[in-house]
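Visitor: Quick one: structure below, then a few questions.
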Amino acid sequence: MSKEYRRSSTRSNELARPISNKQTLVRTYQPTYQLNPKKRFDADQVQKILQRVVTYELDEVEYSEKQVPELCLSLAESVRNAVKEENYNRYRLIVTVTIGQRRQQSVHIFHSFLWDHERDSFAAFNYENCHLFANIAVYGVYLD
């Protein structure tokens with residue numbers, strides 16, 4: 001159930017000037033008191049989505065310092081859109097993408113969060129080819 005209010009876009013100190021007819025619509029919702037999601041964040045399903053999207057996007061890509069920032073942004077956007085199609089309502093999706101050049105080195109990536117273990121979850125995928133490595137993580141954080 002929602003109520004609609006109209007709010008004027010004028011300030012109190014601008015009352016001497018003519019008032020414009022610009023109004024914005026503000027929608028307020030009644031609380032639902034829902035404590036659990038209708039569809040839980042399925043880490044296994046998101047893992048399969050990550051594997052499919054990342055393998056498709058990075059299959060024949062070579063490392064380039066100039067292209068990696070754009071590649072990270074486009075890959076994060078593709079993963080976020082693919083996971084959003086699963087309709088996890090009331091979840092905030094956080095996608096992190098790390099891409100680096102392979103040069104016979106070891107990389108350890110660590111993420112630490114404070115969250116609710118009953119409702120929140122994550123899925124991660126590591127990808128490697130002969131030119132680069134990628135670590136992609138998707139976090140589903142429940143919003144109540």
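Visitor: Tell me whether the stretch 22-66 comes out rounded, prolate or oblate; compute the Cα gyration tensor, take square roots of the eigenvalues as a ≥ b ≥ c, and use a/c under 1.5 as the rounded threshold.
Guide: oblate
Visitor: OK, next. Could you please state how large a percent of the accessible area of the stretch 71-144 is carbon and sulfur, counting protein chains only and using a 1.4 Å probe?
Guide: Exposed carbon and sulfur together represent 49 percent of the surface.
Visitor: How far, in nm, would the chain grow between ASN87 and THR28 when pulled straight, counting 0.36 nm per residue and subtracting the alpha carbon separation?
Guide: On the way: separation 59, 0.36 × 59 = 21.24 nm, distance 2.27 nm.
Once the chain is fully extended between ASN87 and THR28, it gains 19.0 nm.
Visitor: About its Cα centre, how strong a charge dipole does the stretch 36-144 have in debye, to the nearest 20, once Lys and Arg get +1 and Asp and Glu get -1 at the Cβ?
Guide: In total the dipole reaches around 260 debye.
Visitor: Next question. Reported to two decimal places, what Rg/Rh ratio describes the stretch 13-144 when computed on Cα atoms with Rh from the Kirkwood expression?
Guide: Ratio value, two decimals: 1.16.
Visitor: What spacing in nm lies between the two simple spin-label points modelled at GLU60 and LYS48, each 7 Å away from Cα in the Cβ direction?
Guide: 2.7 nm
Visitor: What does the C-alpha gyration tensor say about the overall shape of the stretch 59-114? Classify as rounded when a/c is under 1.5, otherwise prolate if a/b is larger than b/c, or oblate.
Guide: oblate
Visitor: Now a separate question. Rounded, prolate or oblate: which one fits the stretch 73-144, using the alpha carbon gyration tensor with axes a ≥ b ≥ c (rounded when a/c is under 1.5, else prolate when a/b beats b/c, else oblate)?
Guide: Since a/c reaches 1.5 but b/c is at least a/b, the shape of the stretch 73-144 is classed as oblate.
The values are calculated or read from the model by the stated rules, or taken from the named source; none is laboratory data. Nothing here was measured: the structure is a model prediction, and the numbers come from that model. Positions of Cβ are backbone-derived with ideal geometry, glycine not excepted, and every protein chain shown enters the neighbour counts. Heavy atoms of the whole protein, side chains included, go into the accessibility calculation; ligands, DNA and RNA do not. Shrake-Rupley method; radii C 1.70, N 1.55, O 1.52, S 1.80 Å.
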